[in-house]
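J.: I'd like to ask some things about the structure below.
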Amino acid sequence: MWMYSGRDRLHTAVSKTIDTIIHLCENAPYNEEHQQIVDEFIGDYEMSTKLERLLASIAPEITLKLTYDRANEAMNSFPFHEVLINTFDKFRYFLICLHRHTEAQILHIDSMPQDTVDFHWSRCYSILKQIYGTNGEKAAFDMIRTNKDGGLREVVNKFAQTVAINYAMNEIGAKITFYINSLSATERLAAGAEYIEKYGHLLPEEMTEASAARIHDNFASILEKHVLMMYALTKAESKF
């Protein structure tokens, strides 16, 4: 946990935002950058709506970006350049080690708990399937073995980034579910209308047609995609 002055004040004012940050930065030493992230998302908490507080607590700067940055740290600190992978058994062992290392970096712990090889491999297998589709493990192994399509570096990069986005989206999804369940039927309609008023201009025109029924009917999914949309916009703006 962080140690900083005024913790009680911050925890009372923005408990949901702080919980998110602490979850992503467990055991991280305090520094000015972390404090700045907290301060930026405190805002006028008592003056904001429930929707605004939710969006602040799942903003890409404190979810996706932090986990992506930690995945990059994991990739950069993992000695994959020194590895020769020429058998499938070596490939499995390598991916298991990479997965455990990446998770530990994201969660800011020394190491992940040990379990059976089959358990660890099943998790790696699911990630490879998520990235490369059916028979994803064969596709990744062939890329590494033949050094084609980016080879080992490309597999490591995509694997670590997918672990990161899965962690971030699980956190985001849990926040959204809690928020949605806290609303009455009337509040849900009002929240949908508020979202359309503030962000409708960023959505495809068909989403706001017919009284924006698609937004109201799929509001939780829209909110998850909102984080990805804002992250993509931020990245695009940073290039100019």
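Any read-out appearing in this document is the output of simple, stated calculations on the displayed coordinates, not a laboratory observation. Fair warning: this is a prediction, and the values are worked out from it, not measured in the lab. Please note: Cβ atoms are built from the backbone with ideal geometry, for glycine as well, and neighbour counts cover all protein chains shown.
J.: Label 7 Å along Cα→Cβ of Ser211; region 167-192 residues with amide nitrogen under 20 Å?
T.: 184-192
J.: While we're looking at this one, here's another question. Lys/Arg Cβ at +1, Asp/Glu Cβ at -1, dipole of region 139-240 taken about the Cα centre: which of Gln161, Leu223, Ala213 is farthest positive-ward?
T.: The one lying farthest along the dipole's positive direction is Gln161.
J.: Okay, moving on. Roughly how many Å is it from the Cα centre of region 195-240 to that of region 75-143, as a whole number?
T.: Using only Cα atoms to place each centre, the spacing works out to 34 Å.
J.: Rounded to whole Å and sorted largest first, what semi-axes of the equivalent ellipsoid does the C-alpha gyration tensor of region 119-233 yield via the square root of 5 times each eigenvalue?
T.: 38, 16, 11
J.: Please compute the Kirkwood hydrodynamic radius of region 183-240 from all pairs of different C-alpha atoms, in Å with one decimal.
T.: So the Kirkwood estimate lands at 12.2 Å.
J.: Once fully extended, how much extra length lies between Ala236 and Gln114, figured as 0.36 nm per residue of separation less the alpha-carbon to alpha-carbon distance?
T.: Difference between extended and current length: 39.9 nm.
J.: What size of dipole, in debye to the nearest 20, comes out for region 107-240 about its Cα centre when the only charges are +1 on Lys and Arg C-beta atoms and -1 on Asp and Glu C-beta atoms?
T.: Using Cβ point charges on Lys, Arg, Asp and Glu, region 107-240 gives about 420 debye.
J.: Using 0.36 nm per residue of separation minus the Cα-Cα distance, give me the extension gain between Asn218 and Thr186 in nm, one decimal. Don't skip to the end; give the middle numbers.
T.: On the way: separation 32, 0.36 × 32 = 11.52 nm, distance 1.56 nm.
Gain on stretching Asn218 to Thr186: 10.0 nm.
J.: Can you tell me the alpha carbon radius of gyration of region 73-157 divided by the globular rule-of-thumb value 2.2 N^0.38 Å?
T.: Relative to the rule-of-thumb radius for its length, region 73-157 sits at 1.04.
J.: Measure up Lys65/Lys175; Lys129/Lys235; Lys198/Lys225; Lys65/Lys129; Lys90/Lys138 against 19 Å on the Cα-Cα distance and list the ones that go over.
T.: The pairs that break the limit, which is 19 Å between Cα atoms, are Lys129/Lys235; Lys65/Lys129.
J.: Could you run the Debye sum over the Cα atoms of region 135-175, one equal point scatterer each and no solvent, and tell me log10 of I(q)/I(0) at q = 0.21 Å⁻¹, two decimals?
T.: Evaluating at q = 0.21 Å⁻¹ gives log10 I(q)/I(0) of -0.65.
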